[in-house]
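One structure is given here, and the rest of the page talks about it.
The values are calculated or read from the model by the stated rules, or taken from the named source; none is laboratory data. A quick note: this is a predicted structure, and the numbers were derived from the prediction, not measured. Here the Cβ positions follow ideal geometry from the backbone for every residue, glycine too, while neighbour counts run over all protein chains shown.
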Amino acid sequence: MQKQRSVFVDDPRVVLIKLADRLHNMRTIYALPSGKAKAVAQDTLVIWCSLASRLGHWALKAELEDLCFAVLQCVQPQIFQQMRSNLASLWTPSSSSSRVGKLRRLSSKSSSNPEYEASTEDVVVSMKDLLQAVIPFDLLLDRRKRIKYIQDLGSCSEVQTKPKVVRDVGIALASLVVCEEELERELFISTSYVPGMEVTLSSRLKSLYSIYSKMNRKDVSIDKVYDARALRVIVGDKSFGHQLMASLTITLSIQSQADISAWSRKLTLGSLNKNAEHA
């Protein structure tokens, strides 16, 4: 490790190469024996996740953390599956919602579809299945890639054969996309009254490992982890920011849940339109 540190100082690009190599190793770690895979995961969690965090690569850190979490929980995969399922359940409203609309630009009309069931009843999954249920860091950074992933997952004819823990990833990403779209719409309306107002929008999903750690650290259930998903808006005027926050809180809580419900039913039957317009 001492030798590696000296190389990192001489050429910082080496750090990025090593991180990319470790990420590839973790994505394909299912090929290793269980004992060795856990040792590599533990090493990655302690050293490489911390390094990614120090470099400011939060999305890469999040993926590495969840890959490690999936490997280390492989003996009892129910914990990983339960957390994915609980988040999907929290972010998918019941069918009694008064406004069940469309997820704009993602879905097409579908016939009567059964509601998505956020249950944990599923076959025992393998380590490879759990690794597939980890969100790649580039999806966390790029909304167009998120939308394409959702479309591909929904239009796949074999979507129902995928483990539920993998399908739940689509629910998490779709909920973020819906919130982003609703927020953008409100921002467009609100900022139209303030010519020249500079606004920046960003979003993120908290890694399952980070959620798990927070639940244990604070001794709370998953529904009490309020920053599991987050949107950030930076505006050029502080007083306008407070006004914007008040209107957005009401709008997002009402509208986004209806759209997520509509999307989740379409995902269940894999009826998303592949040719839907991109964001």
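Quick notes on this one:
- Test: E184 is modelled with pLDDT under 80 and under 27 Å from H57 (Cα atoms): no
- Being at pLDDT below 90 and either surrounded by fewer than 19 Cβ atoms within 10 Å (Cβ to Cβ) or touching a helix residue (DSSP H, G or I) at 6+ places or on another chain (Cβ under 8 Å) (or both) is not true of S210.
- Qualifying residues in region 170-191 (those that are of a type in the set (S, T, N, Q) and more than 19 Å from the chain's Cα centre (by Cα)) - the one nearest to T92 (Cα to Cα): S190
- Out of L153, L130, sole residue that is in a helix (DSSP H, G or I), surrounded by 14 or more Cβ atoms within 10 Å (Cβ to Cβ), modelled with pLDDT under 80 and not charged (D, E, K, R): L153
- Restricting attention to region 188-221, the residues that are within 21 Å of V178 (Cα to Cα) and part of a helix (DSSP H, G or I) add up to 5.
- Unique residue being of a type in the set (A, V, I, L, M, F, W, C), in the same structural domain as Y212 (by TED's automatic domain parsing) and part of a helix (DSSP H, G or I) when the list is L64, L45, L51, L87: L87
- Some residue of region 237-249 being at pLDDT 75 or above and either exposed (fewer than 10 other Cβ atoms within 10 Å of the Cβ) or not assigned by TED's automatic domain parsing to the domain that holds I171 (or both): no
- In region 9-46, residue modelled with the lowest pLDDT [restricted to those that are exposed (fewer than 13 other Cβ atoms within 10 Å of the Cβ) and of a type in the set (V, I, T)]: V9
Matching residues to (1) aromatic (F, W, Y); (2) closer than 30 Å to G241 by Cα; (3) at pLDDT 90 or above:
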{"site": "Q160", "(1), (2), (3)": "no, no, no"}
{"site": "G170", "(1), (2), (3)": "no, no, no"}
{"site": "S175", "(1), (2), (3)": "no, yes, no"}
{"site": "D219", "(1), (2), (3)": "no, no, yes"}
